[in-house]
Amino acid sequence: MAKFAKDCVFFHAVLFFAIFRPISAYLHAILCIRDIETISNTQKEMEKKMKTCAFTGHRPQNLPFGFNEEDERCIYLKKVLREQIINLIENEGVTHFVSGMAIGVDMYAAEIVLGLKASYPGITLESAIPCESQAAKWSEALRDRYFDIASKCDKETLIQAHYSPDCMDKRNRYMVDHADVLIAVWDGSPSGTGKTVRYAHQQGKSVITINPRTLCIEQQ
């Protein structure tokens, strides 16, 4: 009888582990998945609360001072741009910035944001790259500048791998769609910048326009 009792205990023990151990592992897996989902949802909620500013603006050839960044007008434009960015950080709660990484205003703005990180460590910079070959035909100096900025960005978004005639428009729409406010260095002329401003208005986004010729600021 004693042997039979021991055999019964052993049998029930084996049966318990055979049935309940897989169930326990299954429940543990479910809990882990739920933990991951909770973390993911928390991150998404944080991203929703994060206020974002995107930049758009003319290329140097369409600016009154061209490629001459030593020109007083360019220096003052960067000063005005910096002041607007600081105002958004301090008074509007903006913490995330998106640059389209084009030559001219996009790069000026990105460099300003990077320069402000020492004073505002909570801000982040995202590069929105229209295609992998964006800087392929630029001068060596501009490519070096481009890759230096890109290496310091907190996030990189590649819109598509290969160039297509509409990849810049896709990049601009992405930035507007993910921004709460758009800073546009725009003189009112028909251009890609103007098209981006119109799209932002259509999407109900706030737009701060800086006219590079007069340096007048308009907020809508």
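The values are calculated or read from the model by the stated rules, or taken from the named source; none is laboratory data. Every value quoted in this text rests on a predicted model; they were computed, and no experiment measured them. A quick note on method: Cβ atoms are made from the backbone with ideal geometry, for glycine too, and the neighbour counts reach across all protein chains shown. Note: accessible area is taken over every heavy atom of the protein model, side chains too, but ligands, DNA and RNA are not part of it. Shrake-Rupley method; radii C 1.70, N 1.55, O 1.52, S 1.80 Å.
When all protein chains stay in place and ligands, DNA and RNA are ignored, the 1.4 Å accessible-area order of 63, 142, largest first, is 142, 63.
Rounded to the nearest 10 square angstrom, residue 114 shows an accessible area of 40 square angstrom against a 1.4 Å probe. The alpha carbon centroids of segment 91-124 and segment 188-213 are separated by 19 Å. With all protein chains in place and ligands, DNA and RNA left out, the 1.4 Å accessible area ranks 126, 156, 218, 70 as 70, 156, 218, 126, largest first. Near the amide H of residue 129, within less than 5 Å, lie the amide hydrogens of 157, 158, 159, all on another chain or at least 5 residues away, with H placed in the peptide plane. Taking the square roots of five times each eigenvalue of the Cα gyration tensor of segment 63-157, the equivalent ellipsoid has semi-axes of 22, 19, 10 Å, listed largest first. An ellipsoid equivalent to segment 147-210, defined through the eigenvalues of its Cα gyration tensor, has semi-axes of 21, 15, 12 Å when rounded to whole angstrom and sorted largest first.
Here the spin labels are modelled as points 7 Å beyond Cα on the Cα-Cβ line, and at residue 203 and residue 163 they lie 2.5 nm apart.
Cross-link pairs exceeding 19 Å in C-alpha to C-alpha distance, out of 137/195; 51/79; 51/155; 117/155, comprise 137/195; 51/79. Taking amide H atoms as placed 1.01 Å from N in the peptide plane, the amide H of residue 206 lies under 5 Å from those of 182, each 5 or more residues away in sequence or on another chain.
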